[in-house]
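The values are calculated or read from the model by the stated rules, or taken from the named source; none is laboratory data. These numbers were taken from a predicted model, which means no experiment stands behind them. Cβ atoms come from the backbone with ideal geometry, glycine included; neighbour counts cover every protein chain shown. In case anyone asks, the SASA skips ligands and DNA or RNA and just uses the protein heavy atoms, side chains included. Shrake-Rupley method; radii C 1.70, N 1.55, O 1.52, S 1.80 Å.
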Amino acid sequence: MTLFLKEKKGPLILIALILFQFLLISIQLPSGSERNYFEKAIFSIFSPIQHGFISFFNSIGDLWKNYIDLRRVRSQNQKMKEEIFFLRQENILLQNVLQKLKREKEIQNSLSELQENILVAETIGLDLSNFLKSTIINKGSMHGIKKDMVVLDEKGNLVGRVIGPISLKEAKVQLITDNESGVGVFSKSKSVSGLLNGDGNGMCFFNYVLATNQDLLEGEEVITSGKDGIFPSGIRVGKIVSIVKDGTLFKKIKVEPYFDVRHLNRVAVIIREPTEIF
Amino acid sequence: MRDYIKIALSIVIVIVLYTSLGKVFPPLIYLFNFFSLIVIYFAIQKEEIWGACLGAACGLIQDSLSVGVFGVSGLAKTITGYLAGYLSKKIDVLSAFRSFVFILILVSIEFILWALLYSFVFSEKISVGKGTIFLQPLSTALIGSVTFSMLRATKKSQS
């Protein structure tokens, strides 16, 4: 028996590893279930490497910039950039709030609340299997990041939502271009509603619009509807690039998202839980 | 002990490489499978058990830094690592050309396994990124064979 185990050590270890991973896969199916502790632990160990590298890279870049730039001008510029960044985010959110609230006092209360609810984060790594599916940001649970928090780009366009695993200083964000993502949306001018799913190749599909519907046109803007209970309504998502009738019950509507993963350096996380927004 | 340090260092380098590629030009992430190179390199140096264990570890790290089902890359890399260790004992893969062909075949097998598992789990086709992903075995084999030759040359000169 011992001799057999010694001789077949290699194949036995291979089988054990395969079974272990089959078990890991099977406990996650159907996909979308909670992340297991094993995955969270691995993420917590290895995502700080990306964080550290980006911080190191940024600090070297900053050192060089400080050396060649006039310090005061640079810091002023930085401050203004920060202000613009916040103002853009606020503007998008306020447009939505203003539509909903009518009384002046209520608007003023919301203004101060919104300022406190935006957290600026930096993307530190892209999905290693498909960069159009997820990204990792340099803010985690110690900054108040929680699952399902909404992420916007510098211009206030929708990027995605926080999913697990979330470590102390890092969190994973599912992009709207991921084929597993879903966002409740409607067209800006005609209010045709539907569900936006990513195609995994950088584009999205505006699904569940009946083939008989004549209201949608190419070039029309798509915004969040707020009906999914995660994304607040009124956030800019993208524009319709093609509408095809393929003989089925629904139209095939392709949407090009406004955010560009290639230029996704800084993002804004709305640090309010979906339940507080709705 | 030295081997474990080497492996840990290689994993850190690979994560840094992927982070840099993501910052420079994200589609480049599709082109290279650096984790597989670590698995194949150490599987050739050691044996199939090392290959399988390292394959599982590297695959799970890759899965944890990606979205999707945790374990898909792990499973594909475990089999690749085992194959790399087993086959390298039977055939000579030390010359640059042989190692190029060897890596090309192994990374292709891993890619097929991964694509099959992905399609099985998600019931849909993989995202091909305008076809760039199909170049992954070739570009990985190219960079792998050059790196392996350089590492061997360095080792030779040291000894």
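Per residue of peptide B:112-124, the mean number of Cβ atoms on other chains within 10 Å of the residue Cβ is 2.
Counting only DSSP H runs of at least 4 residues, each contributing -39500 (n - 2.57), and dividing by the residue count of chain A, the helix-based mean residue ellipticity at 222 nm comes to -12500 deg cm²/dmol.
Pairs with C-alpha atoms separated by more than 20 Å, drawn from the list A:Lys133/A:Lys251; A:Lys9/B:Lys155; A:Lys172/B:Lys23; A:Lys9/B:Lys90; A:Lys81/A:Lys155; B:Lys6/B:Lys156, are A:Lys133/A:Lys251; A:Lys9/B:Lys155. The fraction of accessible area contributed by carbon and sulfur in the protein assembly as shown is 62 percent, rounded to a whole number (1.4 Å probe; ligands and nucleic acids excluded). Counted by Cβ distance under 11 Å from A:Arg74, the other residues give a net charge of +3, where Lys and Arg count +1 and Asp and Glu count -1.
Across peptide B:52-61, the average count of Cβ atoms from other chains found within 10 Å of a residue's Cβ is 4.
Rank A:Ile240, B:Pro137, B:Val93 by how far each Cα sits towards the positive end of the charge dipole of the protein assembly as shown (+1 on Lys, Arg Cβ; -1 on Asp, Glu Cβ) and give me just the farthest. My answer, from the dipole projection, is B:Val93. Size descriptors for segment B:62-159, from the alpha-carbon set: Rg then Dmax equal 15.5, 52 Å. Along each principal axis, taking the top coordinate minus the bottom one, the Cα set of segment B:11-71 gives 36, 25, 18 Å in descending order.
Long hydrophobic helices in chain B: the complete DSSP H runs spanning 15 Å or more by Cα along their own axis with mean Kyte-Doolittle hydropathy of at least 0.5 are B:2-24, B:34-45, B:48-64, B:96-122. Projecting the Cα atoms of A:Gly219, A:Asn130, A:Asn77 onto the dipole axis of chain A, where Lys and Arg carry +1 and Asp and Glu carry -1 at the beta carbon, places A:Asn77 farthest toward the positive end.
Residue farthest toward the positive end of the dipole of the protein assembly as shown, with Cβ of Lys/Arg at +1 and Asp/Glu at -1: which of B:Ile29, B:Phe42, A:Asn36? The listed residue farthest towards the positive side: B:Phe42.
For segment A:181-236, taking the reciprocal of the average inverse distance between every pair of different Cα atoms yields a Kirkwood hydrodynamic radius of 11.5 Å. Hydrophobic, long helices, defined as DSSP H runs whose alpha-carbon span along the helix axis is 24 Å or greater and whose mean Kyte-Doolittle value is at least 0.0, occur in chain A at A:9-28, A:37-68. Counting only Cβ charges, +1 for Lys and Arg and -1 for Asp and Glu, the dipole size of chain A around its Cα centre is about 280 debye.
Counting Cβ atoms of other protein chains within 10 Å of each residue's Cβ and taking the mean over peptide B:74-82 gives 4. Within segment A:177-239, the GluC sites (Glu not before Pro) that combine a DSSP coil assignment with at most 11 other C-beta atoms in a 10 angstrom radius are A:Glu218. In the elastic network of chain A, a GNM with C-alpha springs shorter than 10 Å, the most mobile of A:Ile176, A:Ile13, A:Ile92 is A:Ile13.
When +1 charges are put on Lys and Arg Cβ atoms and -1 charges on Asp and Glu Cβ atoms, the dipole computed for segment A:131-223 relative to its Cα centre reaches about 480 debye. Over all distinct Cα-Cα pairs of the protein assembly as shown, the Kirkwood formula returns a hydrodynamic radius of 23.7 Å. When chain A is treated as a GNM with alpha-carbon contacts under 10 Å, the residue of A:Pro257, A:Pro11, A:Pro165 showing the greatest mean-square fluctuation is A:Pro11. Sorting B:82-91, B:150-159 by their mean Cβ neighbour count within 10 Å, with the most densely packed peptide first, gives B:82-91, B:150-159.
Amide H to amide H, with H built 1.01 Å from N, A:Leu168 comes under 5 Å of A:Ser141, counting only residues 5 or more places away or on other chains. Under a 5 Å amide H cut-off, with hydrogens placed 1.01 Å from N, A:Phe250 pairs with A:Ala211 among residues at least 5 apart or on other chains.
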